[in-house]
Amino acid sequence: MTGTNLEDCSSCRACDLASTRQAVVISRGNPKANLMLIGEAPGAQEDAQGAPFVGRSGRALDQLLRDVDLDPEHDLYICNAIKCRPPNNRRPKKAELAACRFWLDLQLAAVNPKVIVLTGATAVEAILGIKGGMTQLRGQWQIWNERAVMPIFHPSYLLRNPSKAAGAPLDLTRQDLDAVRRRLCER
Ligand code: URA
């Protein structure tokens, strides 16, 4: 960690990923939204463009959001558990998640979302501390720090499992995101 404001994140050298990254990938979307989506880590496209979920996974994610009437630019704030791309897109190491947690906590404090969506096992483990199969966890509301949290399949998993059949991962994810949209309308 090299500072105490989110703006300082761009110059962070708290872990070894600083030496291989092109860009620190902080966020996209609306910092005033009631909904925050947390993914795993930037991939090649995100590293090149400096924004999260802008590659194939991001396009799939944006389409799913639109399918349930959520606007990716206005209705949510999108970020990742870690801000720098791991080489060859390997899963983030525990030490990298720990080193980057400071920035994620600053984002959570700044956005103060009512609802959080966690995409994939890494984000679920980072926030909820639950290690487990996404098949069991997805679609099950959790409460974390008084916020409603919805685990969903990671879009890259959905790209590998593109069946459009009812009850397939894509359909289940649409249902999960629709439950998120309805929750945002409550209160
Ligand atoms: N996968 C993620 O988890 N995050 C991104 O930003 C891109 C792909």
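Scanning region 81-95 for residues that are on the phi < 0 side of the Ramachandran plot and in a helix (DSSP H, G or I) gives P87, K94, A95. Of all residues in region 87-119, those satisfying the criterion of being in contact with a Ser or Thr (Cβ under 8 Å, 6 or more places away or on another chain), buried (at least 16 other Cβ atoms within 10 Å of the Cβ) and within 19 Å of G58 (Cβ to Cβ) are P92, Q107.
Is it the case, given these coordinates, that Q63 is within 16 Å of the ligand (Cβ to nearest atom), touching a residue at least 60 places away in the same chain (Cβ under 8 Å) and of a type outside the set (K, R)? No; evaluated as a whole, the condition is false for this residue.
Of the candidates A126, A95, A165, the single residue that is under 16 Å from E40 (Cβ atoms) and more than 16 Å from the ligand (Cβ to nearest atom) is A95.
The criterion of at least 2 residues that are over 25 Å from S10 (Cα atoms) and of a type in the set (V, I, T) is met by the following strands (runs of 3 or more DSSP E) wholly inside region 96-187: 147-152. Residue-level check: of (1) part of a loop (DSSP other than H, G, I, E, B); (2) within 11 Å of the ligand (Cβ to nearest atom), I78 misses just (1).
Scanning region 2-30 for residues that are assigned to a loop (DSSP other than H, G, I, E, B), more than 14 Å from the ligand (Cβ to nearest atom) and loosely packed, with under 15 Cβ neighbours inside 10 Å yields T2, G3, T4, N5, R13, T20.
Looking across region 76-92, the residues that are in contact (Cβ under 8 Å) with a residue 60 or more places away in the chain and not aliphatic (A, V, I, L, M) come down to K83, C84, R85, P86, P87. Of the residues making up region 35-68, those that are in a loop (DSSP other than H, G, I, E, B) and over 15 Å from V117 (Cβ atoms) are A41, P42, G43, G50, A51, V54, G55. Here A33 meets the list (1) near the ligand (Cβ under 10 Å from one of its atoms); (2) buried (at least 17 other Cβ atoms within 10 Å of the Cβ); (3) of a type outside the set (V, I, T) almost entirely, failing just condition (1). Whenever a residue of region 24-45 is more than 15 Å from L61 (Cβ to Cβ) and modelled with pLDDT under 95, it has no partner that is of a type in the set (F, W, Y) and more than 9 Å from the ligand (Cβ to nearest atom) lying with C-beta atoms less than 6 angstrom away and at least six residues away or across chains.
The values are calculated or read from the model by the stated rules, or taken from the named source; none is laboratory data. Worth saying up front: this structure is predicted, and the values here are computed from it rather than measured. We place every Cβ from the backbone using ideal geometry, glycine too, and count neighbours over all the protein chains shown.
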